[in-house]
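Step one of this worksheet: look at the structure below.
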Amino acid sequence: MFLLNAPQIQAFSVFSEMPESFRRPQRSAWADANRGGIAADSFLEGPVFDDAGNLYVTDIPWGRIFRIDAAGAWTLVAEYDGEPNGMKFLEAGRLLIADYKNGLMLLDVATGRVEPYLERRNSERFKGVNDLVFDSAGNLYFTDQGQSGLHDPSGRLYRLRKNGQLDLLLDNVPSPNGVALSPDERVLYLAVTRGNCVWRVPLLPDGSVSKVGQFFTSYGPSGPDGLAVDAQGNVVVANPGLGYVWLLNARAEPIVVWRSPKGTSTTNIAYGGEGRRTLYCTESVSGSILKAEAPAPGLPLARLR
């Protein structure tokens, strides 16, 4: 019988934890809906690095954006009436935020000003946008998750072209979450949280998608969340509920499994550090940022301009 090589099992270390002065151990509308009413002092998501090596993260229940410097010190950049999740830089100094409550929002990191970028589609509100990624041509791919799941497989994947045209690529996803592109940008990987899997979405030259398939199947009480791709085309999958982050090869075989020392809510990931060789992960419930050395550098993230 043929057996796959066992993946390397490695542990994350803790890079930084949210200071007590920023924690809010009280109920919120977000926690009532998503954490069973438990008081959540924070819930971190959306890690992304700027050109100076600072890490930005979102705090969903309290509508906050933080900057964490290379020494692990935290600064509050913005606080507003929203539920920010995934983030990517639109350009230097301006972060595009996937906000569950408001749609796509734009943050000026120098001033802390947050303003709408795309709130609705044809006057209809989004279900609840979640994560996003740019391609090298300036097209933006983002997920509209809402409360979709196996009971309601109506989550959406959109492409916002640089000219402003909004394309609905998929509308049958049971909880679309993280998105990442292959190095040649011919394939989009889509985390399907409530389906406990990652889909492979071929992007065709005419702008359509076809032969969408299931690339990776996970297990456990929650499913894949944040995604990233390294320079070798391997796919990184943050898997809350398990406290794992998987590094998968092109056949979806695990190469490395990183485990969290701080809890099981490993929600999202970003490459940073010298040469983008360090993988950072949000452990959302504990308010921690984890890190581990990666075998290959992460792909540089594209921007609109």
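Since every read-out is calculated from the coordinates, none of them should be taken as a lab result. No experiment lies behind these values; they were computed from the predicted model shown. Virtual Cβ from ideal backbone geometry, glycine too; neighbours counted across all protein chains shown.
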- [ ] Tally the DSSP beta bridges in the chain and give the antiparallel ones as a percent, rounded to 5.
- [x] 95 percent
Open item on the list: So, R0 is 25 Å and r is the distance between the beta-carbons of Ala6 and Glu185; what FRET efficiency does that work out to, to 0.05?
Closed with: 0.20
Open item on the list: As a quick test, which of the pairs Lys162/Lys211; Lys88/Lys127; Lys101/Lys211 have an alpha carbon distance above 28 angstrom in this structure?
Closed with: Lys101/Lys211
Task: FRET efficiency, 1/(1 + (r/R0)^6) with R0 35 Å, evaluated for Leu150 and Leu106 via beta carbons - done: 0.55
- [ ] Jot down the radius of gyration and Dmax of the range 207-255, Cα atoms only, both in angstrom.
- [x] 11.9, 36
Open item on the list: Once you place label points 7 Å from the Cα toward the Cβ at Ala296 and Ala52, how far apart are they in nm?
Closed with: 3.2 nm
- [ ] Using the number of other C-beta atoms within 10 angstrom as an exposure proxy, rank Asp41, Asp206, Asp131 with the fewest first.
- [x] Asp206, Asp41, Asp131
Task: Cα convex hull of the range 163-305, projected area averaged across orientations, nm² - done: 9.3 nm²
Task: Ratio of Rg to Rh over the chain (Cα coordinates, Kirkwood Rh, two decimals) - done: 0.93
TODO: For Arg120 paired with Glu91, estimate the spin-label separation in nm (one decimal), with each label point 7 Å from Cα along the Cα-to-Cβ line.
DONE: 2.8 nm
TODO: In a Gaussian network model over the chain where Cα atoms closer than 10 Å are linked, find which of Pro205, Pro224, Pro25 has the largest mean-square fluctuation.
DONE: Pro205
Open item on the list: Straight-line reach from Lys291: which aspartates and glutamates fall under 18 Å, measuring Cα to Cα and dropping same-chain residues less than 8 apart?
Closed with: Glu17, Glu45, Asp50, Asp69, Asp225, Asp230, Glu274, Glu283
Open item on the list: Please list, in order along the range 220-233, the HN-Hα scalar couplings obtained from phi with the Karplus expression 6.51 cos²θ - 1.76 cosθ + 1.60 (θ = phi - 60°), rounded to whole Hz, x for Gly and Pro.
Closed with: x, x, 9, x, x, 10, x, 10, 8, 10, 9, 5, 8, x
Open item on the list: Let's test the formula: R0 of 35 Å, r as the Cβ-Cβ distance of Asp167 and Asp69. What FRET efficiency results, to the nearest 0.05?
Closed with: 0.40
Open item on the list: Once you place label points 7 Å from the Cα toward the Cβ at Ser21 and Asn249, how far apart are they in nm?
Closed with: 4.9 nm
